[in-house]
Amino acid sequence: MKPAAPPKNTIDKNMLGVFRYSKRAITLVWQTSPRLTLGLALLTLIAGVLPALMAYVGQLIVDSVVAAMEHYEQTQTLQYFPALLFVLLEGALVLLTSANQRGLVALQSVLRLSLGQRVNMMIMEKAQQLTLADFEDSEFYDKLVRARREASSRPLALVTKTFTLLQNGVSLASFAVLLWQFSPWALTLLILGALPAFFAEAKFSGDAFMLARWRSPEVRQQNYLETLLAREDHIKEVRLYQLSNRFLGRYRDIFEKLFRENKQLILRREFWGFVLGILSTAVFYGAYGWIVTSTVVGAITLGQMTMYLLLFKQGQGAVASSLTSISGMYEDNLYLSNLYEYLEQPTAANIEGLRNGPCPGDGIRFENVSFSYPESDIPALTDITLHIKPGNSLAIVGENGSGKTTLIKLLTRLYQPSKGRILLDGLDLTEWQEQALLSRIGVIFQDFVRYQFIVGENIGAGDNDRFDDQQGWATAAELGKATDFISDLNQGYQTQLGKWFRGGQELSGGQWQKIALARAFMREKADILVLDEPTAAMDAGAEAEIFAHFQEHTASKMAILISHRFSTVRLANEIIVMEHGKIIERGTHRQLLEMDGRYAYLFTLQAKGYQ
Ligand SMILES: Nc1ncnc2c1ncn2[C@@H]1O[C@H](COP(=O)(O)OP(=O)(O)OP(=O)(O)O)[C@@H](O)[C@H]1O
């Protein structure tokens, strides 16, 4: 998935690489709206042939004027009609060009809206099928962020540029048809003169594409530093620790490294663009001279000369516009390569799964479960064996990084064990139907989500079926000990939380935790409740009270509690002590104290602290 390291003096061998995603972009646009895409293609085609038509009419005007003048000399009668008719025709073509142009802009704008929505939906739907491990892969996460950022503009930009190239191609082909009459040699010369500039632009665009891909880790670091230096939630600490200059320095260093490489590419690109541009201009003016002399010797008419000159001018314009399109295409390609890599990230096959286990009431079993995080050699869990029956509670204690949260992540199927298996009611977690499994589990992680919604919805999020159930909110808030401060808020359960939206109210850490607990209590149907240190920011009184509720409320359920406070842990039916991913002690509070091991030591230490 990672782009290869850049070889020295890299060259993108495939000069047609700028078109690498054009087909996919067109397919995407086509799927968004076949009608609009057809319309766009048709108008592009018309825009392509109109210039040649106008040049041709220009010839007819001049020739009919010359004919009228000759006619006047011979007969002394004025003949306005053919010339004026052609003038009228040219006027009509100009009108058509302008209508066509408007139509193109309108179609593109409408398509941009639908396409943006479609791509964003694709990105978010895909995100729902990914595993947590995918999100933890920085490279991959970056793809997701970038894919989202420019979803509405890039695919269409690539299509528009591809179409502009086609339009210019059609124009040039129609010019060629007219020019052929003058001399096939002139045509061949002009094509040969323009080709080097085309290829150079395509090559350098390809190089820029590869360079930008290889540089994406550095650019990502720069983006991160920008976040640190310019976002409200980071700037506080950065300023207080006086880190600004250090971070600015890092930002500058990365820039300078990227700048050197980009500068070289820009200079090479412009140098060759200029040199090859001279070649095509020289050929162009050579042919120009040829046409002028052919007119002087009477080989072609004045009207034909006017037409050819116009064709030449417009031909140069079409070539220049094609070059601009090509040079802009690499950025669009970069976006699309990123988008497609993201969309094509393999996802686990969607298994049907079972809704019940063979031994209802057996509860949760961990059988010799070991686990290592992706790209980590050190196991986060080793040989964990556990059994929690309905009606029982399990407390997990252990120092930071001992594997407590990881164990919960495995239980909730966010990750799969590397070895061993986890059973619920006798059925391996992997064989459960996702919906059935998840409806049985209620978890509040340390880093629970602080939804920037109203208070009630923050609680209702615990049970999707009762998301808006106001009575349910109140009951859950009562259990989470959140009622008091909610009633002090301006609009009670309707108060907007967080700072993202107007009128939002920020809560203290402990108040947010109470909201999160209420959310867990909202999940009435779940019979496995997990609290991963959700009360750390609460005062000891509130925590004790909440756990009393928790015990009472979960009497017939399976409760798992992670906490560093032994005063609450002691209430659990079974306590396990973890160290370096292993269970080193297990038993009730009393048994563990009698064992006089790690638990007893830590308990006594903490108890002393409270004295
Ligand atoms: N997403 C991750 N990717 C890789 N390693 C991880 C990841 N999350 C945790 N780890 C590692 O796994 C080990 C166990 O972490 P875990 O979060 O389970 O600890 P914990 O016991 O819950 O700690 P704490 O008390 O600090 O919350 C740690 O060594 C940690 O560095």
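The values are calculated or read from the model by the stated rules, or taken from the named source; none is laboratory data. The structure presented is a predicted model; accordingly, all values stated were derived computationally and were not measured. Using ideal geometry, Cβ is built from the backbone for each residue, glycine included, and neighbour counts are taken over all protein chains shown.
Values as computed for the structure displayed
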item: Residue that is hydroxyl-bearing (Ser, Thr, Tyr) and without any contact (Cβ under 8 Å) to a residue 24 or more places away in the chain, where the choices are Thr162, Thr97, Thr131, Thr188; result: Thr188
item: Residue list for region 371-391, filter: touching a helix residue (DSSP H, G or I) at 6+ places or on another chain (Cβ under 6 Å) and part of a loop (DSSP other than H, G, I, E, B); result: Pro374, Ala380
item: Filtered residues of region 392-410 (kept if part of a helix (DSSP H, G or I) and either over 21 Å from Leu437 (Cβ atoms) or within 6 Å of the ligand (Cβ to nearest atom) (or both)); result: Lys404, Thr405, Thr406
item: Subset of region 497-524 [over 24 Å from Ala536 (Cα atoms) and of a type outside the set (Phe, Trp, Tyr)]; result: Arg502, Gly503, Gly504
item: Single match in Ser372, Ser337 (criterion: more than 16 Å from the ligand (Cβ to nearest atom) and either within 30 Å of Ala25 (Cα to Cα) or surrounded by 17 or more Cβ atoms within 10 Å (Cβ to Cβ) (or both)); result: Ser337
item: Any hit, region 145-156, residues being in a helix (DSSP H, G or I), free of Cβ contacts under 8 Å to residues at least 24 places away in the same chain, over 26 Å from the mean Cα position of the chain (by Cα) and surrounded by fewer than 19 Cβ atoms within 10 Å (Cβ to Cβ); result: no
item: Criterion violated by Pro417 - all others in (1) outside any loop (DSSP other than H, G, I, E, B); (2) modelled with pLDDT of 90 or more; (3) within 16 Å of the ligand (Cβ to nearest atom) satisfied; result: (1)
item: Residue tally, condition over 33 Å from the mean Cα position of the chain (by Cα) and over 21 Å from Leu394 (Cβ atoms), over region 519-537; result: 1
item: Selection status of Ala540, aliphatic (A, V, I, L, M), within 17 Å of Ser508 (Cβ to Cβ), at pLDDT below 75 and within 16 Å of the ligand (Cβ to nearest atom); result: no
item: Residue that is surrounded by the fewest Cβ atoms within 10 Å (Cβ to Cβ) [pool: residues in region 545-600 that are within 16 Å of the ligand (Cβ to nearest atom) and assigned to a helix (DSSP H, G or I)]; result: Arg598
item: Selected residue [of a type in the set (A, V, I, L, M) and touching an Asp or Glu at 6+ places or on another chain (Cβ under 8 Å)] from Ile388, Ile364, Ile378; result: Ile388
item: Single match in Arg239, Arg269 (criterion: loosely packed, with under 14 Cβ neighbours inside 10 Å, in the same structural domain as Lys203 (by the TED database), at pLDDT 85 or above and in a helix (DSSP H, G or I)); result: Arg239
item: Lone qualifier among Asp377, Asp383, Asp362 - being within 12 Å of the ligand (Cβ to nearest atom), out of contact with any Leu (no Cβ under 7 Å at 6 or more places or on another chain) and of a type in the set (D, E, K, R); result: Asp377
item: Any pair with Cβ under 6 angstrom, 6 or more apart, that starts in region 58-81 at a residue that is over 23 Å from Phe175 (Cα atoms) and ends at one that is among the β-branched types (Val, Ile, Thr); result: none
item: Odd one out for Trp432 among (1) within 16 Å of the ligand (Cβ to nearest atom); (2) over 13 Å from Arg365 (Cα atoms); (3) surrounded by 15 or more Cβ atoms within 10 Å (Cβ to Cβ); result: (1)
item: Matching entry among Tyr288, Tyr308 (being buried (at least 18 other Cβ atoms within 10 Å of the Cβ), in contact (Cβ under 8 Å) with a residue 12 or more places away in the chain and aromatic (Phe, Trp, Tyr)); result: Tyr308
item: The lone exception for Gln446 - which of (1) away from the ligand (no atom under 16 Å from the Cβ); (2) surrounded by fewer than 18 Cβ atoms within 10 Å (Cβ to Cβ) it fails; result: (1)
